[in-house]
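Take a look at the structure below.
The values are calculated or read from the model by the stated rules, or taken from the named source; none is laboratory data. The structure displayed is predicted, hence computed values, not measured ones. Positions of Cβ are backbone-derived with ideal geometry, glycine not excepted, and every protein chain shown enters the neighbour counts. Keep in mind that these areas ignore ligands, DNA and RNA; they rest on the heavy atoms of the full protein, side chains included. Shrake-Rupley method; radii C 1.70, N 1.55, O 1.52, S 1.80 Å.
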Amino acid sequence: MATEDHVRGGRETGGTRLREPLASVRLRDGTAAERPLRQLTAGEVVAAVPWRSARSARGQAHYPGYYWSATSGGHVIYESRLELARLLLADFDPDVTAIAAQPFLLRALAGVRVRRHVPDFLLLHAGRLADPAVAEALAWPGELFEDRGWGYEIWSGADPVILANVRFLAGYRRPGMPPDSVTAVVRDEVRPGDHVGGLLDRLEGRCPRPQAKAGVLRLLWQRILSTDLTRPLDAGSVLEVTM
């Protein structure tokens, strides 16, 4: 998850006083660039590489890895199952147009302490935690980001049914799975009030049932079709055309 540490007295280790929030990004050539947070743009962050790489070791509590994102068209690192869950939901969100993991190192004065923080993700767009100590430690960057015009979220999980449905649909996020010709046939056959099972029955003879089912799930991932994801997906799920 995000790193957090601090130095008392408003000074860095070398004794230099921090005058304003600073952000450091890691460039693709391996070097780092630091600038005032007020000068950092979302485009620069998205174009950079993660501040740190995912690490794994025997016995560690978290499970890091790489997730292939349909939004970014490439792999995005995560450091825990919680981060992977948030990634899935971001990748499924049509309002999210870019995802940057471990996007930058933030250094800022919070009270009399210099704090450092690496956000888990930056989401480019077209609840609070119960533990007060954790909430206080993670809430302070939000004030800085809001001053910059960016949103800040402390995320602690999602409805398990919604997450399970999105995780299942994510299996159909890659382009060409199934072929576009299949999804076109499925899309043309959808009628108002259709249930998944009824639609698949009607498609018999036009394409194999497994392909038709994959086409429905692909269209749900693309948000071309929608259904109530607060209930488990099954043959009785009602479909609506959204695009």
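Figures for the structure shown
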item	result
Filtered residue count, region 87-124, keeping only those that are open to solvent by 40 Å² or more (accessible area, probe 1.4 Å) and either more than 30 Å from residue 18 (Cβ to Cβ) or over 12 Å from the mean Cα position of the chain (by Cα) (or both)	9
Residue under evaluation residue 171, criteria (1) modelled with pLDDT of 90 or more; (2) open to solvent by 50 Å² or more (accessible area, probe 1.4 Å), criterion not met	(2)
Strands (runs of 3 or more DSSP E) contained in region 1-65 and holding at least 3 residues modelled with pLDDT under 75	3-8
First in region 68-96 and among the basic types (Lys, Arg), second anywhere and open to solvent by 30 Å² or more (accessible area, probe 1.4 Å), Cβ under 6 Å, 6 or more apart	81/63; 86/155
Test for residue 94: is it farther than 30 Å from residue 33 by Cα and modelled with pLDDT under 90	yes
Count - residues of region 234-243 that are more than 11 Å from residue 197 (Cα to Cα) and surrounded by 12 or more Cβ atoms within 10 Å (Cβ to Cβ)	3
